[in-house]
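The values are calculated or read from the model by the stated rules, or taken from the named source; none is laboratory data. Just so it is clear, the structure is predicted and the values come from calculations on it, not from any experiment. When we count neighbours, we look across all protein chains shown, and the Cβ atoms used for this are built from the backbone with ideal geometry, even at glycine.
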Amino acid sequence: NRKFVLAERPVGEPTEQTLRLESGDMPVAGAGQMLLRNEYLSLDPYMRGRMSDAPSYAAPVEIGGTMVGGTVAEVMTSDVKGFEAGDWVVAFGGWQDYSVSDGTMVINMGKDPKNPSWALGVLGMPGLTAWAGLTQIGQPKEGETLVVAGASGPVGATVGQIAKILGLRVVGVAGGAEKCAHVVDVLGFDECIDYKADGFRQALKTAVPKGIDIYFENVGGAVFDAVMPLLNPSARIPVCGLISQYNATSLPDGPDRMSLLMGMMLRKRMTMRGFIVFDDFGHLYPEFAKQMGAWVASGQIKYREEMIEGMEKAPAAFIGLLRGDGFGKRVIKLSA
Ligand code: NDP
């Protein structure tokens with residue numbers, strides 16, 4: 001059983017030394033457990049938080065512990081009701097070939113699911129994040145304007161496409177011309193602004209002539225700075241992620257703008273609400289699965305996946321994900 005363990009807590013950006021590949025015995029499934037062969041591993045920004053022992057909503061991975069992660073796996077043996085050998089499941093198997101589970105938080109996809117790895121993206125955790133954050137906190141209304149960054153990534157792409165279905169004007173923010181072209185031409189956003197290009201602030205302003213009613217916050221930092229003056233009265237801000245800050249070792253330089261933000265929230269009666277997907281909206285999964293399954297099947301929601309073959313490539317792929325090297329949902333096919 002090959003696995004990646006946390007070798008050291010990174011300071012700033014993770015490095016090739018952060019994780020260590022080990023080879024160990026096959027895990028043994030006991031009574032009330034099943035043995036899973038992990039075929040696909042999801043790479044997600046939250047994993048950076050698990051590498052750190054700073055206070056968070058979830059416990060860190062211990063030094064020497066197996067790195068956590070969502071997986072799509074095949075059941076090898078099972079003593080868990082509702083699961084049998086040959087079933088494909090979505091689980092939290094971690095960065096390893098095999099894992100053992102008692103069935104908690106495991107979803108059975110049956111013997112022959114179509115596109116099983118999509119359960120790590122648009123049909124799974126990132127999709128639920130997008131759908132629930134937008135509908136429950138964003139409270140979208142036809143004719144309003146929504147802005148979302150990370151627009152080519154699994155959460156942002158899904159947020160924008162749902163908002164288009166619901167009749168909003170949708171402006172994406174992404175890094176680079178290629179990602180922006182994809183967001184408009186393939187995903188159907190009204191516009192996409194390259195935040196790395198000169199004139200970003202002005203281009204964003206021009207793209208939202210009626211201001212911004214919903215800002216779905218995925219990135220923080222400079223993008224939020226550009227969005228803030230454009231927010232309308234009663235704007236809603238689902239605070240989903242702040243990826244621009246995940247490798248930061250201190251607060252950004254510059255004047256303290258907290259009172260500016262608080263004053264604006266007061267005067268414009270804005271709502272800003274953070275959420276952790278399974279804690280806040282896990283109970284909505286069945287409704288989400290039905291709705292998103294139909295949208296994906298009908299082609300109304302499109303999905304881009306970047307499959308990388310070979311477990312050994314996972315650390316570099318994860319470091320790159322935080323830098324913005326990924327284009328679509330990054331998944332590792334563990335068996336190369
Ligand atoms: P993505 O694959 O979209 O995340 C990586 C992308 O973030 C990169 O491709 C890059 O896009 C963008 N990015 C990186 N650095 C910066 C920066 N400095 N400024 C602007 N953009 C940057 O991730 P997901 O779709 O999986 O997740 C999106 C966000 O949602 C993350 O913040 C994640 O932590 C959060 N999340 C929160 C959950 C919750 O429960 N609250 C659950 C799931 C995700 P580009 O090339 O366009 O810059």
What are the residues in region 224-265 that are part of a helix (DSSP H, G or I), closer than 19 Å to Ser52 by Cα and touching a residue at least 40 places away in the same chain (Cβ under 8 Å), if any?
Ile243
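When you look at Lys81, is it farther than 30 Å from Ile301 by Cβ, out of contact with any strand residue (DSSP E or B) (no Cβ under 8 Å at 6 or more places or on another chain) and in a loop (DSSP other than H, G, I, E, B), yes or no? Spell out how you get there, then give the answer.
On the way: farther than 30 Å from Ile301 by Cβ: yes; out of contact with any strand residue (DSSP E or B) (no Cβ under 8 Å at 6 or more places or on another chain): yes; in a loop (DSSP other than H, G, I, E, B): yes.
Yes: the conditions hold for Lys81.
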What are the pairs, 6+ residues apart or on separate chains, where a residue within region 273-296 that is among the β-branched types (Val, Ile, Thr) has its Cβ under 9 Å from a residue that is more than 15 Å from the ligand (Cβ to nearest atom) and not in a helix (DSSP H, G or I)?
Val296/Asn115
So, Arg273, is that one surrounded by fewer than 18 Cβ atoms within 10 Å (Cβ to Cβ), under 20 Å from Met125 (Cβ atoms) and within 13 Å of the ligand (Cβ to nearest atom) or not?
yes
Are there any pairs, at least 6 apart or on different chains, whose C-beta atoms fall under 6 Å, with the first in region 134-157 and touching a residue at least 12 places away in the same chain (Cβ under 8 Å) and the second more than 13 Å from the ligand (Cβ to nearest atom) and part of a helix (DSSP H, G or I), and if so, which?
Leu134/Ile162; Pro140/Ala163; Leu146/Ala163
Could you identify the single residue in Glu191, Glu217, Glu178 that is among the acidic types (Asp, Glu) and either surrounded by fewer than 18 Cβ atoms within 10 Å (Cβ to Cβ) or assigned by TED's automatic domain parsing to the domain that holds Arg323 (or both)?
Glu178
Surrounded by fewer than 22 Cβ atoms within 10 Å (Cβ to Cβ), in contact with an Asp or Glu (Cβ under 8 Å, 6 or more places away or on another chain) and assigned by TED's automatic domain parsing to the domain that holds Val219, is that true of Leu166?
yes
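Taking the stated definitions as given, is Met105 modelled with pLDDT under 95 and within 16 Å of the ligand (Cβ to nearest atom)?
Working: modelled with pLDDT under 95: yes; within 16 Å of the ligand (Cβ to nearest atom): yes.
Judged against the criteria, Met105 is a match.
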Checking Ala85 against (1) within 16 Å of the ligand (Cβ to nearest atom); (2) without any contact (Cβ under 8 Å) to a residue 24 or more places away in the chain; (3) not β-branched (Val, Ile, Thr), the condition it does not meet
(1)
Of the numbered conditions (1) within 12 Å of the ligand (Cβ to nearest atom); (2) of a type in the set (A, V, I, L, M, F, W, C); (3) surrounded by fewer than 22 Cβ atoms within 10 Å (Cβ to Cβ), Ala157 fails exactly one; give the number of that condition.
(3)
Residues Ala132, Ala149, Ala73, Ala119: which one is within 16 Å of the ligand (Cβ to nearest atom), modelled with pLDDT of 95 or more, surrounded by 22 or more Cβ atoms within 10 Å (Cβ to Cβ) and over 26 Å from Gly220 (Cα atoms)?
Ala119
Ala226 vs. criteria surrounded by 18 or more Cβ atoms within 10 Å (Cβ to Cβ), within 15 Å of the ligand (Cβ to nearest atom), among the small types (Gly, Ala, Ser) and more than 22 Å from Leu321 (Cα to Cα):
yes
Quick one: count up the residues across region 174-193 that are more than 13 Å from the ligand (Cβ to nearest atom) and in a helix (DSSP H, G or I).
2
Kindly indicate which of Gly127, Gly143, Gly103 is part of a loop (DSSP other than H, G, I, E, B), of a type outside the set (A, V, I, L, M, F, W, C) and either more than 24 Å from Leu230 (Cα to Cα) or in the same structural domain as Glu39 (by TED's automatic domain parsing) (or both).
Gly103
